[in-house]
Each structure stands twice: as structure tokens, then as C-alpha cells.
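Before any comments, here is the structure.
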Amino acid sequence: MILLKHNNAPVYLQFPNRPYLRPDMSQKLTAAITAVGGFVPDHVLSNFDLEQMVDTNDEWIRSRTGIEERRILKGEGKGTSDLGTPAVQQILTKKGIDPSEIECIICATVTPDMVFPATANIIADKVGAVNAFSFDIGAACSGFLYALTQGAAFIESGRYKKVIVVGADKMSSIIDYTDRATCIIFGDGGGAVLLEPNYDGYGVLDSILRSDGQGRHFLHMKAGGSMKPASIETVMAKEHFVYQEGQAVFKFAVKGMADVSAELLERNNLTGDDIAWLVPHQANLRIIDATANRMGLPKEKVMINIQKYGNTTAGTLPLCLKDWESQLKKGDNIVLAAFGGGFTWGATLVKWAYDGNS
Ligand code: UT7
């Protein structure tokens, strides 16, 4: 780097072949999303299939949730890493990156392949990311936002240049397909993004993350943790499935997701007009609509794929980015918002860094 003096102020010249050199100390280092990957399994479980399994019907599911079908990961020995791995591999192929270049993989999930090791360790092994440190984040449906914020902080520290953030869940592994209150909602899927340094103002610009452990009473899995380890009794009592008090969660979700999204706009001096896309967690179409209304956004600016995949927990946000990637433009302001178990919730502002497919 060459240092000149201009009006007594230092000027840093950037070498064209050294893209990570900071050209001017006043320019902020941000974490840009530079590629997206996503994966859903082939097997489709439709509302009509569920009509054969529990006392429900297509009309009820559509009108109360917006869901028409969801994907299920089939096959002995397949876990959440089998959803995250193809998403990461897509990114490596698209960007022509050798897996050994990846420095960190963070996986958000509530359905890890095993209690330990972390699913991120398994994904790193499966893709050949031999130099990456990797770990999981457990923040339920807000997991991807938490992991994205963490990954961005690693990049912003200046210490790392290639971080992959995965959000993936094999929800079918913890769903009771005799419980109509929960089995209609969830599906399996996952996605991933690559984060790289940027000095031009693109990438993750702001995040508001929240949690309230009081919410654990309304949405949790009763057994299988250290408080109530698995036993014959817990299995017989069906305590290894999702327990949800839907109406209570619904009320908190509508308020939580909308409040935090509005707060994010306000503190960045933005209005709905400045936002190109809302990327909402896909839990219930009515929660999505409430958040969009609060932000003053028309439906055309809201990514909605709940009808195809249902609620894939940590997978919903990156799966939306994957489905809409071809329509995104460099400079688009995007708000990602989520609410889920914990309770956890949050919203993140991203300035999109590239046009169309990466
Ligand atoms: O992503 C993590 C965060 N989770 C969420 O954000 C989920 C938030 N909650 C919800 O999305 C909604 O509460 C549900 C979709 C889970 C349920 O919708 P709801 O409008 O809150 O229904 P409800 O639980 O109040 O039930 C209304 C009625 C009940 O019958 P009665 O008591 O009025 O006769 C239920 O028994 O609908 C009945 N019902 C069903 N009927 C047909 C509940 N589930 C079903 C079903 N099919 N699958």
C-alpha cells in the first residue's frame, strides 16, 4: 500500500489485485452476501395427503396458514446436514471456491443430526471445508438471523474473509403426524449464504435481535434435553415432538416481528418506500401480512413461498433468498425478519451486493 499526503490527510491507494486492502480508513468494512444456495428434498407432503392422516382439510390449512404443501426428507440415516450440505455445495460451485478457502461455517438449526457434535461440523466435513471452524446456533425460527449477524461480525472484525451461514431443519424428525395442530405447519429444507468483506456499503447494515425465555412455555420440546433425558416413558408420552400453543405464539409473533421490523426502519431513517423486499419467516401468512402492513409494504415486495415449503424453521429465510435471487438487484434494501421458539425474534437490514444469480 502507498501512502501519500493530500492536505495533510493520509490517502491510501488500493492495488487492483488486492481487493481486501482497505483503500481509505474512513470506509466501513461490511459483510456482503455474495452467493446463495438452497435445498429442499423431493418428497412432497400435500394438504390432501394430510387429510388422509389427521382430521384436517385443505381449506382449513390454506385459510389459516397459507400452506399448500411441504417437503419431507426421506431415507435412513439422513439428517439436517443433508439439507445444509447441498446448499453449501451450490455456493462453492457457483463461486468456483475451493472448500479449503472457507474459514467458518455456522449452522442455525433446532434439529441437529445429533445432540453433538454440531451439524456445522458435519456439513464442513461433507463439503471438505478442512480449514473451517464450525458451530451451531440454536435460536429456532430466528436462528438464521442470529447466525447471519454472528457471521457478519466475524467479517466486520477484519479477521475472516469467507464465512458461510447455513439455516436448515429436518422438522419432520420432531413432528407428531397424529397431531393436527402442528403437523400441518412444518416442513424440511435449508439454505446458505456466503459472506465476504465489502468496502462499498453493501451487505449486512444493521440487526436488531431479541429473546425472551418466558416464551419457552408456549413452544418447546419437552424431553430429550438435560432437564428430562430420553426414557421409555418420555417416548411413550410423545415428549420428543414439537409442543406448541399456537394461538399464544401467534399473538407474540405478530407483535414481535412487526415491532422489530418497524424499529429497524425507524432507526435507519427508512420507510417502506426505501425497501425493495421484505424477507419474512414463513410461519403463517397472516403473520407475514401483519408485518408487511406495519412496514407499509405492498404484497409485491414480500417474499412468500410458505405455500410450497411450509415452515422450515431456520431454513425459511435463506430458502426465500434462493427462490428470489434472480430478481434481486445490486443496491436493493432488504429486510429479513423472524420470530420463533425461545421466544427469539429479530430483523436485519441488508443492502444487496449483486445483480441476479451469483
Ligand atoms: O415458526 C415458529 C413460530 N410459530 C408460529 O408462528 C405459529 C403461530 N401460530 C399459528 O400459526 C396458528 O396459531 C396455527 C396455524 C398453529 C393455528 O391456527 P389458529 O387460527 O390459531 O387455530 P386455533 O388453534 O385457534 O384453532 C381453531 C380451531 C380449533 O377448533 P375449535 O376449538 O374452534 O372447535 C382447532 O381445534 O381449529 C381447530 N384446528 C384444526 N382444524 C382443522 C386446529 N388445527 C386444525 C387443523 N385442521 N389442522
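Summary of computed values
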item	result
Cα-centre dipole for the chain with unit charges at Cβ (Lys and Arg positive, Asp and Glu negative), debye to 20	780 debye
Dipole of the chain, positive end: most advanced residue of V40, I61, L264 [Cβ charges, Cα centre]	L264
Choice from N293, N305, N198 showing the highest fluctuation, given a GNM over the chain with Cα pairs closer than 10 Å	N293
Theoretical FRET efficiency, 1/(1+(r/R0)^6), r = Cβ-Cβ of F135 and R267, R0 30 Å, to 0.05	0.55
1.4 Å probe accessible area per residue over the chain, in Å²	45 Å²
Cα gyration tensor, the chain - rounded (a/c under 1.5), prolate or oblate	prolate
Simple spin-label estimate for D179 and E239 in nanometres, 7 Å along Cα-Cβ	1.3 nm
Inter-site label distance for E51 and R286 at 7 Å from Cα along Cβ, in nm	2.2 nm
Sulfur and carbon atoms: percent of accessible area, region 210-291 [1.4 Å]	57 percent
Overall form of region 31-204 per C-alpha gyration tensor (a/c, 1.5; a/b vs b/c)	prolate
Carbon and sulfur %, accessible surface of region 31-204 computed with the full protein complex present, 1.4 Å	49 percent
Protection-proxy order for peptides 134-142, 271-279, 41-49, 103-111, each taking the mean of Cβ atoms within 10 Å per residue, highest first	103-111, 134-142, 271-279, 41-49
Span-like helix ranges in the chain, DSSP H, alpha carbon extent 18 angstrom or more, Kyte mean at least -0.5	81-95, 143-156, 246-267
Computed label-point distance, nm, for sites D125 and S326 using a 7 Å Cα→Cβ extension	3.7 nm
Residues whose placed amide H lies under 5 Å from that of D113, excluding near-sequence neighbours	T80, S81, T119
Candidates per GluC sites (Glu not before Pro) in region 51-90, loop by DSSP, up to 14 other Cβ within 10 Å	E76
Most to least accessible of W352, W60 (protein chains only, probe 1.4 Å)	W60, W352
Dipole moment magnitude, nearest 20 debye, region 152-267 about Cα centre, only Lys, Arg, Asp, Glu C-beta charged	240 debye
Per-residue [θ]222 nm for the chain (sum of -39500 (n - 2.57) over DSSP H runs n ≥ 4, rounded to 500)	-8500 deg cm²/dmol
Cβ-based net charge around V335, under 14 Å, with every Lys or Arg adding one and every Asp or Glu removing one	-3
Pairs of Lys in region 31-204 closer than 24 Å at Cα, counting only those 8 or more apart or on different chains	13
Cα extents of region 200-342 along the three principal axes, largest first (Å)	55, 30, 29
Förster radius 41 Å - calculated FRET efficiency between E59 and D98 (Cβ-Cβ, nearest 0.05)	0.20
Calculated FRET efficiency for the pair V115/I232, C-beta based, R₀ 22 Å, to 0.05	0.75
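The values are calculated or read from the model by the stated rules, or taken from the named source; none is laboratory data. This is a predicted model, so every value here is computed, not measured. Positions of Cβ are generated from backbone atoms using ideal geometry, with glycine treated the same way; all protein chains shown enter the neighbour counts. The area values use the complete protein model at the heavy-atom level, side chains included, leaving out ligands, DNA and RNA. Shrake-Rupley method; radii C 1.70, N 1.55, O 1.52, S 1.80 Å.
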